[in-house]
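Peer 1: A single structure is presented below for examination.
The values are calculated or read from the model by the stated rules, or taken from the named source; none is laboratory data. The shown structure was predicted, so the numbers you read here are calculated from the model rather than taken from an experiment. So basically every Cβ, Gly included, is an ideal-geometry build from the backbone, and we count neighbours across all protein chains shown.
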Amino acid sequence: MTTKTYLGIPRHLLEWHPIIDADRCIGCGECLDFCANDVYVLNEQTNKMEVAHPLNCVVLCDKCATVCSQEAIRFPDKEQFKQIVRDLRQRLPRCACSDSNT
């Protein structure tokens, strides 16, 4: 089994995924229909969207937030996230931080 990486950093170390504001979400499923990466699922008990597979989210992609009419989806700050990536690339061993994007 191959570990997903972003710029050589194991994907599970990167906190990049959508965060849903349950108070704003109306369960319309626009994000589910838009995202081809199986990130979202509809919780049929609450009739709200949930992030089911956060590691499936493409790093630095935030396009699903633009299709949410209720503005219920947000992401981490991109500039702060980029700094975290730079820090991790310096801290992790060279063999773990090759320039691959898988």
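Peer 1: Given the conditions (1) surrounded by 17 or more Cβ atoms within 10 Å (Cβ to Cβ); (2) modelled with pLDDT of 95 or more; (3) out of contact with any strand residue (DSSP E or B) (no Cβ under 8 Å at 6 or more places or on another chain), and given that residue 61 satisfies all but one, which numbered condition is not satisfied?
Peer 2: (1)
Peer 1: I'd like the full set of residues that are in a loop (DSSP other than H, G, I, E, B), more than 27 Å from residue 80 (Cβ to Cβ) and charged (D, E, K, R), limited to segment 25-54.
Peer 2: Step one: filter segment 25-54 for residues in a loop (DSSP other than H, G, I, E, B), giving 25-29, 35-39, 44-47, 52-53.
Among the residues that remain, those that are also more than 27 Å from residue 80 (Cβ to Cβ) are: 26-29, 44-47.
Answer for segment 25-54, where residues must be in a loop (DSSP other than H, G, I, E, B), more than 27 Å from residue 80 (Cβ to Cβ) and charged (D, E, K, R): just 44.
Peer 1: So, one more: Return a yes/no flag: does segment 22-40 have any residue that is touching an Asp or Glu at 6+ places or on another chain (Cβ under 8 Å) and aliphatic (A, V, I, L, M). Break it down into steps so the answer makes sense when it comes.
Peer 2: Step one: filter segment 22-40 for residues touching an Asp or Glu at 6+ places or on another chain (Cβ under 8 Å), giving 24, 40.
Cutting the leftovers down to aliphatic (A, V, I, L, M) gives us none.
Within segment 22-40, none of the residues are touching an Asp or Glu at 6+ places or on another chain (Cβ under 8 Å) and aliphatic (A, V, I, L, M).
Peer 1: Moving on to the next point. Restricting the first residue to segment 61-76 and requiring it to be touching a residue at least 24 places away in the same chain (Cβ under 8 Å), which pairs with a second residue that is polar (S, T, N, Q) meet a Cβ separation below 9 Å and a spacing of at least six or different chains?
Peer 2: If the second residue must be polar (S, T, N, Q), the pairs left are 73/66.
Peer 1: Considering only segment 38-52, state which residues are out of contact with any His (no Cβ under 6 Å at 6 or more places or on another chain), surrounded by fewer than 13 Cβ atoms within 10 Å (Cβ to Cβ) and in contact (Cβ under 8 Å) with a residue 12 or more places away in the chain.
Peer 2: Hits for segment 38-52 are 46, 47.
Peer 1: Okay, moving on. Of the residues 82, 63, which is on the phi < 0 side of the Ramachandran plot and more than 12 Å from the chain's Cα centre (by Cα)? Steps first, please.
Peer 2: Details: 63 fails: more than 12 Å from the chain's Cα centre (by Cα).
Among 82, 63, only 82 is on the phi < 0 side of the Ramachandran plot and more than 12 Å from the chain's Cα centre (by Cα).
Peer 1: Given the conditions (1) in contact with a Gly (Cβ under 7 Å, 6 or more places away or on another chain); (2) among the aliphatic types (A, V, I, L, M); (3) at pLDDT below 95, and given that residue 49 satisfies all but one, which numbered condition is not satisfied?
Peer 2: Against the list (1) in contact with a Gly (Cβ under 7 Å, 6 or more places away or on another chain); (2) among the aliphatic types (A, V, I, L, M); (3) at pLDDT below 95, residue 49 comes up short only on (3).
Peer 1: While we're looking at this one, here's another question. Got at least one residue in segment 80-91 being of a type outside the set (Lys, Arg) and not in a helix (DSSP H, G or I)? Show your work before the answer.
Peer 2: Within segment 80-91, the first condition is being of a type outside the set (Lys, Arg), and the residues that meet it are 80-81, 83-85, 87-88, 90.
This time we only want the ones that are not in a helix (DSSP H, G or I), so: none.
Checked segment 80-91: no residue is of a type outside the set (Lys, Arg) and not in a helix (DSSP H, G or I).
Peer 1: Somewhere in segment 15-24, is a residue touching a residue at least 60 places away in the same chain (Cβ under 8 Å) and either in contact with a Lys or Arg (Cβ under 9 Å, 6 or more places away or on another chain) or part of a loop (DSSP other than H, G, I, E, B) (or both)? Walk me through it before giving the result.
Peer 2: Our first condition is that a residue be touching a residue at least 60 places away in the same chain (Cβ under 8 Å); within segment 15-24, this holds for 15-16.
Narrowing the set further to residues that are either in contact with a Lys or Arg (Cβ under 9 Å, 6 or more places away or on another chain) or part of a loop (DSSP other than H, G, I, E, B) (or both) leaves 15-16.
Within segment 15-24, one or more residues are touching a residue at least 60 places away in the same chain (Cβ under 8 Å) and either in contact with a Lys or Arg (Cβ under 9 Å, 6 or more places away or on another chain) or part of a loop (DSSP other than H, G, I, E, B) (or both).
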